[in-house]
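Colleague: Structure incoming, see below.
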Amino acid sequence: QVQLVESGGGLVQAGVSLRLSCAASGRTFSSLTIAWFRQAPPKEREFVATISRSGNSTYYADSVKGRFTIARDNAKNTVYLQMNSLKPEDTAVYYCAARIPYGMGARPNDYDYWGQGTQVTVSS
(Lines give C-alpha, C1' and ligand atoms only; values in the text may rest on other atoms or scores of the structure.)
Protein backbone atom coordinates (compact mmCIF):
# COMPACT_ATOMS: atom_id res chain seq x y z
CA GLN A 1 0.00 0.00 0.00
CA VAL A 2 1.03 3.55 -0.69
CA GLN A 3 -0.14 6.48 1.40
CA LEU A 4 -0.13 9.98 -0.07
CA VAL A 5 -0.68 13.18 1.88
CA GLU A 6 -1.02 16.55 0.17
CA SER A 7 -0.44 19.90 1.82
CA GLY A 8 0.09 23.54 0.93
CA GLY A 9 -3.28 24.55 -0.42
CA GLY A 10 -5.04 27.75 0.53
CA LEU A 11 -6.83 30.90 -0.53
CA VAL A 12 -4.72 33.28 -2.60
CA GLN A 13 -5.16 36.17 -4.97
CA ALA A 14 -4.65 35.89 -8.69
CA GLY A 15 -1.09 36.32 -9.82
CA VAL A 16 0.63 34.96 -6.75
CA SER A 17 2.45 31.67 -6.24
CA LEU A 18 1.73 28.61 -4.14
CA ARG A 19 3.63 25.37 -3.61
CA LEU A 20 1.91 22.09 -2.96
CA SER A 21 3.63 19.10 -1.41
CA CYS A 22 2.83 15.40 -1.62
CA ALA A 23 4.45 13.14 0.97
CA ALA A 24 4.47 9.42 0.24
CA SER A 25 4.98 6.37 2.43
CA GLY A 26 4.51 2.65 2.30
CA ARG A 27 6.75 1.85 -0.66
CA THR A 28 10.16 2.81 -1.98
CA PHE A 29 9.48 6.30 -3.21
CA SER A 30 11.83 6.13 -6.18
CA SER A 31 9.78 3.22 -7.57
CA LEU A 32 6.70 5.45 -7.97
CA THR A 33 5.64 7.70 -10.80
CA ILE A 34 3.77 10.64 -9.29
CA ALA A 35 1.20 12.97 -10.81
CA TRP A 36 -0.98 15.88 -9.82
CA PHE A 37 -4.61 16.08 -10.85
CA ARG A 38 -7.26 18.62 -9.97
CA GLN A 39 -11.02 18.70 -9.80
CA ALA A 40 -13.42 21.62 -9.66
CA PRO A 41 -17.00 20.36 -9.40
CA PRO A 42 -18.94 19.70 -11.51
CA LYS A 43 -15.98 19.12 -13.84
CA GLU A 44 -14.23 15.79 -14.11
CA ARG A 45 -10.84 15.25 -12.54
CA GLU A 46 -8.20 16.61 -14.89
CA PHE A 47 -4.52 15.97 -15.32
CA VAL A 48 -2.08 18.68 -14.26
CA ALA A 49 1.46 17.27 -14.32
CA THR A 50 3.47 14.10 -13.86
CA ILE A 51 7.08 13.25 -13.08
CA SER A 52 9.07 10.10 -13.69
CA ARG A 53 10.62 7.96 -11.00
CA SER A 54 14.02 9.58 -11.39
CA GLY A 55 12.63 13.07 -11.84
CA ASN A 56 14.33 13.41 -15.21
CA SER A 57 11.09 13.47 -17.20
CA THR A 58 8.06 15.67 -16.69
CA TYR A 59 4.86 16.27 -18.59
CA TYR A 60 2.29 19.04 -18.19
CA ALA A 61 -1.23 19.87 -19.22
CA ASP A 62 -1.35 22.70 -21.73
CA SER A 63 -3.38 24.80 -19.30
CA VAL A 64 -0.51 24.96 -16.79
CA LYS A 65 2.57 24.66 -19.00
CA GLY A 66 4.97 27.51 -18.31
CA ARG A 67 3.31 28.39 -14.99
CA PHE A 68 3.51 25.17 -12.96
CA THR A 69 6.58 23.08 -12.19
CA ILE A 70 6.60 19.56 -10.80
CA ALA A 71 9.67 18.32 -8.96
CA ARG A 72 10.57 15.53 -6.57
CA ASP A 73 13.01 14.92 -3.77
CA ASN A 74 13.47 11.18 -3.47
CA ALA A 75 15.50 11.61 -0.29
CA LYS A 76 12.48 13.26 1.35
CA ASN A 77 9.82 11.05 -0.28
CA THR A 78 8.11 14.19 -1.49
CA VAL A 79 6.84 15.63 -4.75
CA TYR A 80 6.20 19.33 -5.16
CA LEU A 81 3.99 21.37 -7.45
CA GLN A 82 5.17 24.95 -7.75
CA MET A 83 2.30 27.04 -9.08
CA ASN A 84 3.09 30.52 -10.33
CA SER A 85 0.89 33.22 -11.85
CA LEU A 86 -2.21 31.59 -10.44
CA LYS A 87 -5.53 32.29 -12.11
CA PRO A 88 -9.11 31.97 -10.81
CA GLU A 89 -9.58 29.03 -13.19
CA ASP A 90 -6.89 27.15 -11.26
CA THR A 91 -9.32 26.91 -8.34
CA ALA A 92 -9.85 23.23 -7.55
CA VAL A 93 -9.05 20.42 -5.17
CA TYR A 94 -5.58 19.20 -6.08
CA TYR A 95 -4.82 15.50 -5.75
CA CYS A 96 -1.54 13.66 -5.69
CA ALA A 97 -1.52 10.23 -7.36
CA ALA A 98 1.00 7.41 -7.66
CA ARG A 99 1.50 4.52 -10.04
CA ILE A 100 3.77 1.53 -9.66
CA PRO A 101 4.11 0.27 -13.26
CA TYR A 102 6.86 1.88 -15.29
CA GLY A 103 5.86 4.85 -17.41
CA MET A 104 3.85 8.03 -17.03
CA GLY A 105 0.19 8.63 -17.73
CA ALA A 106 -2.27 11.49 -17.93
CA ARG A 107 -5.50 9.67 -17.11
CA PRO A 108 -6.85 9.06 -13.61
CA ASN A 109 -7.09 5.34 -14.41
CA ASP A 110 -3.32 5.26 -14.97
CA TYR A 111 -2.78 5.73 -11.23
CA ASP A 112 -3.26 3.26 -8.42
CA TYR A 113 -3.11 5.40 -5.28
CA TRP A 114 -4.55 8.77 -4.37
CA GLY A 115 -4.26 11.32 -1.61
CA GLN A 116 -7.18 13.05 0.05
CA GLY A 117 -6.65 16.32 -1.81
CA THR A 118 -5.89 19.89 -0.85
CA GLN A 119 -8.07 22.88 -1.77
CA VAL A 120 -6.64 25.72 -3.80
CA THR A 121 -8.81 28.79 -4.23
CA VAL A 122 -7.68 31.71 -6.37
CA SER A 123 -9.64 34.93 -6.07
CA SER A 124 -9.74 37.57 -8.77
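Colleague: Considering only residues that are in contact with a helix residue (DSSP H, G or I) (Cβ under 9 Å, 6 or more places away or on another chain) and either at pLDDT below 95 or open to solvent by less than 30 Å² (accessible area, probe 1.4 Å) (or both), which ones fall in region 8-17?
Modeller: If the condition is that a residue be in contact with a helix residue (DSSP H, G or I) (Cβ under 9 Å, 6 or more places away or on another chain) and either at pLDDT below 95 or open to solvent by less than 30 Å² (accessible area, probe 1.4 Å) (or both), then no residue fits.
Colleague: Turning to a different aspect of this structure: From the list SER25, SER54, SER21, pick out the single residue that is open to solvent by less than 60 Å² (accessible area, probe 1.4 Å) and over 25 Å from THR91 (Cβ atoms).
Modeller: Going through SER25, SER54, SER21 in turn, just one is open to solvent by less than 60 Å² (accessible area, probe 1.4 Å) and over 25 Å from THR91 (Cβ atoms): SER25.
Colleague: Under the condition of being loosely packed, with under 14 Cβ neighbours inside 10 Å and outside any loop (DSSP other than H, G, I, E, B), which residue from region 83-97 is farthest from the chain's Cα centre (by Cα)?
Modeller: So, considering only residues that are loosely packed, with under 14 Cβ neighbours inside 10 Å and outside any loop (DSSP other than H, G, I, E, B), the one farthest from the chain's Cα centre (by Cα) is PRO88.
Colleague: Taking only region 64-82 into account, find how many residues are open to solvent by less than 60 Å² (accessible area, probe 1.4 Å) and either without any contact (Cβ under 8 Å) to a residue 12 or more places away in the chain or within 15 Å of ALA98 (Cα to Cα) (or both).
Modeller: Final tally of qualifying residues: 10.
Colleague: Could you please find all residues in region 51-75 being closer than 23 Å to SER31 by Cα and in a strand (DSSP E or B)?
Modeller: Scanning region 51-75 gives ILE51, THR58, TYR59, TYR60, THR69, ILE70, ALA71, ARG72, ASP73.
Colleague: Still on this model: Looking at (1) within 13 Å of TYR95 (Cα to Cα); (2) part of a loop (DSSP other than H, G, I, E, B); (3) open to solvent by less than 30 Å² (accessible area, probe 1.4 Å), which is the one condition that is false for ILE34?
Modeller: (2) is the only condition that ILE34 fails.
The values are calculated or read from the model by the stated rules, or taken from the named source; none is laboratory data. Just so it is clear, the model here is predicted, and its values are computed rather than measured. A quick note on method: Cβ atoms are made from the backbone with ideal geometry, for glycine too, and the neighbour counts reach across all protein chains shown. The area values use the complete protein model at the heavy-atom level, side chains included, leaving out ligands, DNA and RNA. Shrake-Rupley method; radii C 1.70, N 1.55, O 1.52, S 1.80 Å.
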